[in-house]
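Chemist: Dropping a structure here in structure tokens format, bear with me for questions.
The values are calculated or read from the model by the stated rules, or taken from the named source; none is laboratory data. Just so it is clear, the structure is predicted and the values come from calculations on it, not from any experiment. Glycine also receives a Cβ, built like all others from the backbone with ideal geometry; neighbour counts cover every protein chain displayed. Ligands, DNA and RNA are excluded from the accessible area calculation, which covers all protein heavy atoms including side chains. Shrake-Rupley method; radii C 1.70, N 1.55, O 1.52, S 1.80 Å.
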Amino acid sequence: STIQVSASGLITSQQEGYGDIIVSEAGKAAVAHVWFRNTPGLPHFQDAGNYGTVYIAGKSIFATAAFQLTPDLAQTDATLLAEVRRAGVNTLNKGIFLPNSNLALPFATWKSNYDSSSYVSNWTWARANGFRVLGSGDDIVRRPGWEGSWIASWPAASQAVQYAMQKFAQSGAGLALDVVDEASALWGTNPTPVGLIGVPHSFQFATCTGAQCSFSWLSDPTDYAFHDPLLPGGSFALGGSSALTTPPGASDPITSTTGTQVNFTISNGVPGTRVFNTSNSPNLEYLWFSGRVSCQGNVMCSPPLPNTLLSNVSSWLRSAIATVPIGWPPAGAAPVFAQRNWLKPGGVSDYASHYWDSNQQRRTYSFGMGVRENQNSMLTAFLGRQSSVNINRPQLLEQTMAGTDYLKFSTPGNAVYTPPVDKLLHVGAVPRAVASGIMSAAAVGSAGVKLYKFDTAFTDRRDSPGNGAEFESDGSPSTGEVLNWQAMGYASATLTKALQEYVLGTPVNSPYLGRNIITGARTATNGNLLIVVNGWDAPRTVLVDLGAYTTGRAVLRYNVTDTSIKVQSLGNIVGDTVTLRAGETAAYLLPKVASVPGIETITFQPDQAGNRTMLRTNYLYSQNTSMYGDAVDCTAGCTATIDRKLGEAFYSYAVLNSSDAAQCRSAAVLLPAGTSFSLAVNPATRGPFCQ
């Protein structure tokens, strides 16, 4: 009722929010996803733990953060550091808290230990080397019965948590803090459950006869949108009542549920029959976090965990002397109401960090998740949560670069999945799904991607005996899923090195180009951008109307796949017909300035006329240059558009005979400084290989 559509198609809303607009005619329908904001800019992360909607050069960042890729690893491995830079990864991952299970430890001692640890030096190094850090708070409060119990019982907990946040934020490296990954899987559907008697979505009163008691609820006790299931066989703790408080280390088991009544047994019976309500027991409270889990040793936590624990931790983090935004990402498979509880405005999260799972029962291929499966699963989850999150804050989208997850039964020395000896648990993603997923996340308006995950386990897999240990092969420049790493690199480098200022521009309407063709458009100070991603596992030809974005200058098109980047100057066009491979992206940059920094026109000229010569250009990974990317006929000379901001550019060429068979092929040649290069095609000079 707050959305109006005029006769001319103009859509307006009386308030901020998100909505799906369905357009139908002659039995056909299409859905337009619409964000209504008072401030139209794209929310994204900026410097010093800030976020905003206006791009600021040198401060605004489209974050590409690889889980488990820590400053420690990059700092101590020069080869890895070079590959991280090559791939355009700009955000590292690191915990921020020094865990403590000694409840008698004074804050001063903990602080001294923290200051002498590697945390601050890691962040200092990251900042000095141009990286941001996406922090992790798992060591603060990941598991209810472990870190949760310690943090709830340690007198110095709030000081320690605030100090860790302060140091992280003051380092200048802190981007944000994902407090607990997939928190709903550990803590339940609601981070702030209500358990006080008489409070909405809690019980109205309790009645006990001896040791047999029951709750009568204001609403259905199976209302999982507000709390976890109440099922027979479950156990819980009560607090706030001299008569009903559960003794330390004990629990109250649920015996049965009937309608809006939950029956349970207490450890110590009450004389006769008593009714406990708001007038005689106003502090009686159902302790949700203590009821679901046990502490170490399979006993109930003592003291029990309060319902306010996670909101308290959030408050501590936010009230530190210096802070960064915090998020509590729910599990990918958590229902929408649980996503809302953890990500809603005014709740425990400052921004939305989205995990998601495949919405297919079977993977697209026996060897991996396909493009359509990846895109559709990610975007279905993302769009389905928009009405539940703060659309004026940054949103991070998880994107996989994981490979095979398996149980190893092969002999030591083998570091890869070996069927049928090893037992397959899960396949990962195919490389083209990795690249297209990252580009789609940027197209729909995410502020960055969390890449799951960087491979640190190569040595473990190689040295492990075949005893059934579980391993996962993940993205890495040298081990594991190298092709997934390279696919990530092609997408990440395009977004963070060449197109970042445009990707973080103001969102404008983007066209509908067909099912599973993902589009996103921006306008920025120096140009307009239209991203078109083929979300299918097969080629698609699309007609792209650029009329709404034209600037009167030559259009640059970045074609991004899992194996290549190709940049072309298309001239001052108003439309384009392009055939995109499976998972391929066409990103159209329509400049508002006379020249785009980094763009060069390179001339190639064969050293002898008449030899049919085909040329390829590519970026980042020289080994892909001679195999991937569209070849152009350079028999009579040719030009190529190169974006030097992307990093190292390469070219290779082949000389063909009249039957199109290669007479020679060149190695991948690095494009040094300069704008004109000679190709050795003369048989008298080229030798056995084109050089």
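Chemist: Provide the FRET efficiency to the nearest 0.05 for the Leu103-Val194 pair, computing r from the beta carbons and using R0 = 30 Å.
Modeler: 0.60
Chemist: At 7 Å along the Cα-to-beta-carbon direction for both Ser302 and Glu16, put a label point, then send me their distance in nm to one decimal.
Modeler: 4.9 nm
Chemist: Show which aspartates and glutamates lie in cross-link reach of Lys645 when reach means a straight Cα distance below 12 angstrom and same-chain residues fewer than eight apart are skipped.
Modeler: Reachable aspartates and glutamates: Glu600.
Chemist: What list of whole percents do you get for P(r) of the stretch 353-437, with Cα-Cα distances grouped in 10 Å bins up to the one holding the largest distance?
Modeler: In order of increasing distance, the bins hold 16, 39, 26, 13, 5, 0 percent.
Chemist: Still on this structure: In deg cm²/dmol, rounded to 500, what helix-only [θ] at 222 nm does the chain give when every DSSP H run of at least 4 residues adds -39500 (n - 2.57) and the total is split over its residues?
Modeler: -5500 deg cm²/dmol
Chemist: Please list, ordered by chain and number, the residues whose modelled amide H lies under 5 Å from the amide H of Ala469; skip anything fewer than 5 residues away on the same chain.
Modeler: Counting only residues 5 or more places away or on other chains, the set is Lys408.
Chemist: Let me ask you something else. Within the set of other residues whose C-beta is less than 13 Å from the C-beta of Val555, count the net charge using Lys and Arg as +1 and Asp and Glu as -1.
Modeler: Details: positive: Arg553, Arg557, Lys592; negative: Asp545, Asp576.
That works out to +1.
Chemist: Another question, if that's okay. Would you work out what percent of the accessible area of the chain, with all protein chains in place, is carbon or sulfur (probe 1.4 Å)?
Modeler: Carbon-and-sulfur percentage of accessible area, whole number: 52.
Chemist: Largest first, how would Ile321, Ile254, Ile22, Ile599 line up by accessible area (1.4 Å probe)?
Modeler: On the way: Ile321 140, Ile254 10, Ile22 115, Ile599 45 Å².
Accessible-area ranking of Ile321, Ile254, Ile22, Ile599, largest first: Ile321, Ile22, Ile599, Ile254.
Chemist: Same structure, new question: Give the span of the stretch 311-413's Cα atoms along each principal axis, as three whole-Å numbers ordered largest to smallest.
Modeler: For the stretch 311-413, the Cα spread along each principal axis is 52, 36, 19 Å.
Chemist: List the aspartates and glutamates whose Cα lies under 20 Å from the Cα of Lys28, skipping any in the same chain that are fewer than 8 positions away.
Modeler: Qualifying aspartates and glutamates at Cα under 20 Å: Asp20.
Chemist: Using 1/(1 + (r/R0)^6) with R0 = 35 angstrom and r between the beta carbons of Ala554 and Arg515, what's the FRET efficiency to the nearest 0.05?
Modeler: 0.65
Chemist: Between Gln623 and Ala662, what length comes free when the chain is fully extended (0.36 nm per residue of separation minus the Cα-Cα distance, one decimal in nm)? Intermediate results must be reported in sequence, preceding the final value.
Modeler: Details: separation 39, 0.36 × 39 = 14.04 nm, distance 1.83 nm.
Full extension of this stretch gives 12.2 nm more.
Chemist: Could you pull out the trypsin sites (Lys or Arg not before Pro) across the stretch 353-415 that fall in loop regions by DSSP (anything but H, G, I, E, B) with no more than 10 other Cβ atoms inside 10 Å? Walk me through the intermediate numbers first.
Modeler: On the way: sites: Arg362, Arg363, Arg372, Arg385, Lys408; in loops: Arg362, Arg363, Arg385.
For trypsin sites (Lys or Arg not before Pro) across the stretch 353-415 that sit outside H, G, I, E and B with at most 10 neighbouring Cβ atoms in 10 Å, the list reads Arg362.
Chemist: What are the semi-axes of the equivalent ellipsoid for the stretch 564-691, taken as the square roots of 5 times the Cα gyration tensor eigenvalues, largest first, in whole Å?
Modeler: Values: eigenvalues 144, 52, 42 Å².
After diagonalising the Cα gyration tensor, the semi-axes are 27, 16, 14 Å.
Chemist: How high is the relative contact order of the stretch 89-149, in percent, with contacts defined as C-alpha pairs under 8 Å that are six or more residues apart?
Modeler: Contact order relative to length: 56 percent.
Chemist: Further question: Quick one, which of (i) 212; (ii) 320; (iii) 202 is the actual volume of the Cα convex hull per residue in Å³ calculated for this model?
Modeler: (iii)
Chemist: Same structure, new question: Any idea what the relative contact order of the chain is, in percent, if you count C-alpha pairs under 8 Å spaced at least 6 apart? List each step's numbers first, then the result.
Modeler: On the way: 1691 pairs, mean separation 72.4, N = 691.
Computed over the chain, the figure is 10 percent.
Chemist: Spelling out what I want: for every residue of the stretch 388-403, take phi, set θ = phi - 60°, compute 6.51 cos²θ - 1.76 cosθ + 1.60 (Karplus), and round to whole Hz; glycine and proline get x.
Modeler: 10, 10, 7, 6, 9, 10, x, 10, 9, 10, 5, 9, 8, 9, 7, x
Chemist: Work out how much length Thr525 to Thr675 would gain on full extension: take 0.36 nm times their residue separation and subtract the Cα-Cα distance, in nm to one decimal.
Modeler: 51.2 nm
Chemist: At a Förster radius of 30 Å, what calculated FRET efficiency corresponds to the Cβ-Cβ distance of Thr76 and Asn467, to the nearest 0.05?
Modeler: Numbers: r = 30 Å, r/R0 = 1.00.
Step by step, r from the Cβ atoms, then E = 0.50.
Chemist: Could you compute the net charge surrounding Asn102? Neighbours are other residues with a C-beta less than 15 Å from the C-beta of Asn102; K and R count +1, D and E count -1.
Modeler: Summing Lys and Arg as +1 and Asp and Glu as -1 gives -1.
Chemist: To continue, here is another question. Please report the spacing between the Cα centers of the stretch 121-168 and the stretch 351-413 in Å, no decimals.
Modeler: Spelled out, the Cα-based centre of one part sits 26 Å from the other.
Chemist: How long is the gain from Ser267 to Ser8 if the chain were fully straight, where each residue apart is worth 0.36 nm and the alpha carbon distance is subtracted?
Modeler: Values: separation 259, 0.36 × 259 = 93.24 nm, distance 6.91 nm.
Extending this stretch completely gives an extra 86.3 nm.
Chemist: May I ask you to derive the relative contact order of the stretch 178-242, considering only C-alpha pairs under 8 Å and at least 6 residues apart, and to give it as an integer percent?
Modeler: Working: 66 pairs, mean separation 16.3, N = 65.
Answer for the stretch 178-242 is 25 percent.
Chemist: Follow-up question, since we're still on this one. Taking only the Cα atoms of the stretch 578-647, how large is their convex hull per residue, in Å³?
Modeler: Taking the convex hull of the Cα positions in the stretch 578-647, it is 138 Å³ per residue.
Chemist: Now a separate question. Which lysines does Lys423 reach when only Cα atoms under 23 Å apart count, and residues fewer than 8 places away in its own chain are ignored?
Modeler: Lys408, Lys453
Chemist: Then there's this: Taking the Cβ of Thr523 as the centre, find all other residues whose Cβ is under 12 Å away and add up their charges (Lys, Arg: +1; Asp, Glu: -1).
Modeler: Details: positive: Arg522, Lys592; negative: Glu501.
Charge balance near Thr523 sits at +1.
Chemist: Further question on the same structure: In the chain, which helices (entire DSSP H runs) extend 18 Å or more along their own long axis, judged by Cα positions, while averaging at least 1.0 on the Kyte-Doolittle scale?
Modeler: Helices meeting the criterion: 431-444.
Chemist: Moving to a separate point now. Short version: ³J(HN,Hα) in whole Hz for each residue of the stretch 405-415, in order, from phi by Karplus 6.51 cos²θ - 1.76 cosθ + 1.60 (θ = phi - 60°), x for Gly and Pro, what are they?
Modeler: Ordered by residue, 3J(HN,Hα) equals 9, 8, 9, 8, 10, 6, 6, x, x, 9, 10 Hz.
Chemist: So, for the chain, what is the accessible surface per residue at a probe of 1.4 Å, expressed in square angstrom?
Modeler: 40 Å²
Chemist: Further question: Project the alpha carbons of the stretch 1-154 onto their principal axes and report the range along each, largest first, in whole Å.
Modeler: Principal extents (largest minus smallest coordinate, Cα): 69, 43, 29 Å.
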